[in-house]
Amino acid sequence: MRFSLIVLAVLAMPGAAEGQRSTAADSTQDSTVVLRPIEISVTRQTISLYKIPFAVSTLDRDELLRGRATLGLDEALAQVPGLFVANRYNPSLGQRISIRGFGSRSAFGARGVKILLDGIPQTLPDGQSQLTNVEIASLGSIEVLRGSSSSLYGNASGGVISLRTASPSLIKREASARTVAGAYGLVKLQGRVSTPAGKGTIAINGARTTSDGFREHSAAEINNVSIRVEQELAPGTTLLMTVHLADNPMLDNPGSLNQTEVDSVPSNANPRNVDANAGKSVTQGQLGVNLKKRFDGGGSVSITGFGLFRDLDNPLSFRFIQIDRRAYGVRALAEIPLTVGSTRPRWLVGVDLQRQRDDRVERSPDLATVTRDQLERVTEIGPFTQLGFDLGERVSGTLGVRYDRVSFTADDRLLVDGDDSGDRVMSSTSASLGFVWRLRDAFQPYANVSSSFETPTTTELSNRPSGAGGFNEDLEPQRAVNFEVGVRGGGGLFTYSASAFHVNVKDALIPFEVPSVPSRRFFRNAGKTRHRGLELAATVRPIDLLTVVTAYTLADYEFKDFRTADGNFDGNDIPGVPGHRFYGSVRVTMQSGLWFATDYNVASSYYVDDANTAENKGWFTADLRGGWEGVVAGWRLAPFVGVLNAFNKRYVGSITVNAGFGRFFEPAPPRNVYLGLEISPSL
């Protein structure tokens, strides 16, 4: 009841905002303020924000890059409410990304959240996502759709993060270079060139990052190259081709620590990881081709084909894992114009097809014994349709339905212990319905109900506590239904948003460890869990040179029905996500080109295990950024400096949920400094 009263009180008054940018039109002759329309494409069609009945946040290139080291998505996404990026400071495992609690179980990479790069899924058909192809310094924008989105994107869509590379100029050549150097041996070099070509553009981006890491055994070497070619083949017909190549020969894994180790020397690594030289070596490439035709009478057809290879060597303290991955897919989408009376509904029909082939071999740490040798295949097919409609001038609605069928097959080639080959098929129908009321620019309430569907990944299915091959026959997909109400708007110098959500989850996927195999993650289903929360954000510009950005998340995630041989966890908090999180930023930009920013992050303590017997302490950090932008001798220069954790707080940036032997914690570094410079010709 108390939670409901808080929600009603907040929604009754304008007071919280998206991470989006709006500008006011001249209102000197009229008290009504008209906001610049914001176009959103994360909903699989480009549409004005005021027609979208879901919580959406957008970040532009300036927000992503200005004075930032561009080492992780947490730098910019911290200002998106409802989204929590836990920085492990572990290059082998990457950052743990969750939206409204979905994805918090991830042992490495991302789970439960659909990630797109220029419209190409970085999420495989089994639901696991890798950010290997993502070079943050090359991005032009990020859009985040918070809430269950399987009616749009299928498996593992508890939320969606759509990344888009910066669009090059159609009329002139461009070139830029960016370098960052900082503590713990950090050196990052990034460059970008583009040129008009025919009726389109060609852009090439390259980056190299090396670091010794804050912790022992946390060094990294990361190399990325991407090529983007866009051409107009005929009036209304465009071709977009993207190529991404990554070579990461060294991604060390320091592992997690227990509380005693964190309190004494947080920079140490888990000794087992050091002895096993735990880490990753990855080579990956992806090709994507999109052909889109727009018709004179309205509507369009878009077909996207893509393919990926990934070669992985992954020494761990308990196994040496090698995966040879091949994946490919096709996405087809048609926007069909309709006319019903005086309205023009927006009708989408489409289908996604993805296939994944993993050749998996696991050996003992000394490489002497093969413990698993199997070929894993995953196929996902998902036809869908979506209808957007207007009910009068001020009410818009969206209705979507999708069916997904995901099949898993394992061919066991290690037959000395029997044939564990087998297959699993998981399917679901997902739907969404929402309405938004544009009462005025300053007040646009909306409501929706939507569902999501999430299968275990091949790694989660193949990790069986018994040690057998094949797939875990007892592990089921996770399903959720999301209810949401919200409001957004703004005018003049102020934009805001507020959203409240309630999610019922069935068969939630929960990680655990067993003492006989330390550090290996196994998975089981919880009967029922509940996610509910409140998301607030606001941007205020009281004067031209000053901007204040705030975001707050209240999260209440609870096990409702979860009992195992280890105990009864009914009523316990779901571990891994803070109940309260606040972000605040104050930015000053002067006419001389000087600028300064302070960023504040506050997180409450949260439990790290299902039994709620151990917790990660809350933290407060302050980061400082500053620099200058101007032209010198025909060159645009932008030197900058950043100070992270300026007050030198000791805290843990991420945790390993339900880790064995109390090794939950992945510490964050103390105060550290980086310097950077962006340079480009002034044309």
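What to note about this one:
- Any hit, region 483-505, residues being among the acidic types (D, E), out of contact with any His (no Cβ under 6 Å at 6 or more places or on another chain), more than 19 Å from R111 (Cβ to Cβ) and modelled with pLDDT of 90 or more: yes
Each row is one residue, and each column tells you yes or no for (1) closer than 27 Å to G642 by Cβ; (2) modelled with pLDDT of 95 or more; (3) crowded, with 22+ Cβ neighbours inside 10 Å.
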| residue | (1), (2), (3) |
| --- | --- |
| G127 | no, no, yes |
| L145 | no, yes, yes |
| G154 | no, no, yes |
| R192 | yes, yes, yes |
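- Output for region 163-209, where each listed residue is touching a Leu at 6+ places or on another chain (Cβ under 9 Å), under 17 Å from E221 (Cα atoms) and of a type outside the set (S, T, Y): V180, A181, G182, A183, L186, K188, G206, A207, R208
- Within the set S151, S157, the sole residue that is in a helix (DSSP H, G or I), small (G, A, S) and within 23 Å of the chain's Cα centre (by Cα) turns out to be S151.
- Any pair with Cβ under 9 angstrom, 6 or more apart, that starts in region 593-613 at a residue that is on the phi > 0 side of the Ramachandran plot and ends at one that is part of a loop (DSSP other than H, G, I, E, B) and surrounded by 16 or more Cβ atoms within 10 Å (Cβ to Cβ): G593/E629; N612/F569; N612/N572; N612/P575
- For region 132-146, taking the residues that are of a type in the set (V, I, T) and either within 28 Å of L461 (Cα to Cα) or assigned to a loop (DSSP other than H, G, I, E, B) (or both), the one that is nearest to the chain's Cα centre (by Cα) is identified as V134.
- Scanning region 481-508 for residues that are in contact with a helix residue (DSSP H, G or I) (Cβ under 7 Å, 6 or more places away or on another chain) and crowded, with 22+ Cβ neighbours inside 10 Å gives V487, A498, A500.
Residues are listed down the side, and each one gets a yes or a no for (1) basic (K, R); (2) more than 15 Å from Q259 (Cβ to Cβ); (3) in contact with a Gly (Cβ under 7 Å, 6 or more places away or on another chain):
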{"site": "F620", "(1), (2), (3)": "no, yes, no"}
{"site": "G634", "(1), (2), (3)": "no, yes, no"}
{"site": "P639", "(1), (2), (3)": "no, yes, yes"}
{"site": "K649", "(1), (2), (3)": "yes, yes, no"}
{"site": "V652", "(1), (2), (3)": "no, no, no"}
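- P456 being part of a loop (DSSP other than H, G, I, E, B) and modelled with pLDDT of 90 or more: yes
- Residues that are aliphatic (A, V, I, L, M) and closer than 17 Å to R96 by Cα, drawn from region 129-162: L131, V134, I136, V144, A156, V160, I161
- Qualifying residue in region 117-124 (condition: over 12 Å from the mean Cα position of the chain (by Cα) and polar (S, T, N, Q)): no
- R520 being outside any strand (DSSP E or B), under 30 Å from S364 (Cα atoms) and of a type outside the set (A, V, I, L, M, F, W, C): yes
- Top-ranked residue in region 279-299 [being at pLDDT below 95 and not charged (D, E, K, R); ranked as nearest to E615 (Cα to Cα)]: G299
- Residue pairs whose Cβ atoms lie under 6 Å apart, separated by 6 or more positions or on different chains, with the first residue in region 201-229 and buried (at least 17 other Cβ atoms within 10 Å of the Cβ) and modelled with pLDDT of 95 or more and the second among the β-branched types (V, I, T) and not in a strand (DSSP E or B), are H217/V274.
- Of the candidates T379, T458, the single residue that is polar (S, T, N, Q), over 30 Å from G660 (Cβ atoms) and touching a residue at least 24 places away in the same chain (Cβ under 8 Å) is T379.
- In region 409-435, the qualifying residues are those that are touching a Gly at 6+ places or on another chain (Cβ under 6 Å) and within 30 Å of T43 (Cα to Cα), and the one that is surrounded by the fewest Cβ atoms within 10 Å (Cβ to Cβ) is F435.
- Residue that is at pLDDT 95 or above and in contact with a helix residue (DSSP H, G or I) (Cβ under 6 Å, 6 or more places away or on another chain), where the choices are N248, N253: N253
- Among the residues making up region 442-479, those that are surrounded by 21 or more Cβ atoms within 10 Å (Cβ to Cβ), more than 16 Å from A107 (Cβ to Cβ) and over 23 Å from the mean Cα position of the chain (by Cα) are Q444, Y446, G469, G470, F471.
- Pairs where the first residue, in region 532-561, is in contact (Cβ under 8 Å) with a residue 60 or more places away in the chain and under 15 Å from N504 (Cα atoms) and the second is of a type in the set (G, A, S) and outside any strand (DSSP E or B), C-beta under 7 Å, 6+ apart: G533/G82; A555/G101; A555/G579; D556/G579; Y557/G101
- Within region 249-293, being of a type in the set (S, T, N, Q) and crowded, with 21+ Cβ neighbours inside 10 Å holds for N253, S256, N270, N273, Q286.
- Looking across region 156-169, the residues that are surrounded by 24 or more Cβ atoms within 10 Å (Cβ to Cβ) and β-branched (V, I, T) come down to V160, I161.
- Looking across region 645-660, just one residue is small (G, A, S), part of a loop (DSSP other than H, G, I, E, B) and either surrounded by fewer than 20 Cβ atoms within 10 Å (Cβ to Cβ) or touching a His at 6+ places or on another chain (Cβ under 7 Å) (or both), and that is A646.
Residue-wise test of (1) out of contact with any Asp or Glu (no Cβ under 9 Å at 6 or more places or on another chain); (2) surrounded by 18 or more Cβ atoms within 10 Å (Cβ to Cβ).
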site	(1), (2)
I303	yes, no
F309	no, no
L316	yes, yes
R325	no, yes
R372	no, yes
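- Scanning region 554-600 for residues that are outside any strand (DSSP E or B) and among the β-branched types (V, I, T) turns up I574, V577.
- Failed item, numbered, when L439 is tested on (1) of a type outside the set (S, T, Y); (2) within 27 Å of G571 (Cα to Cα); (3) surrounded by fewer than 17 Cβ atoms within 10 Å (Cβ to Cβ): (2)
- Condition check for K172 on (1) crowded, with 20+ Cβ neighbours inside 10 Å; (2) out of contact with any strand residue (DSSP E or B) (no Cβ under 6 Å at 6 or more places or on another chain): one failure, at (1).
The values are calculated or read from the model by the stated rules, or taken from the named source; none is laboratory data. Just so you know, these numbers come straight off a predicted model, no measurement behind them. Using ideal geometry, Cβ is built from the backbone for each residue, glycine included, and neighbour counts are taken over all protein chains shown.
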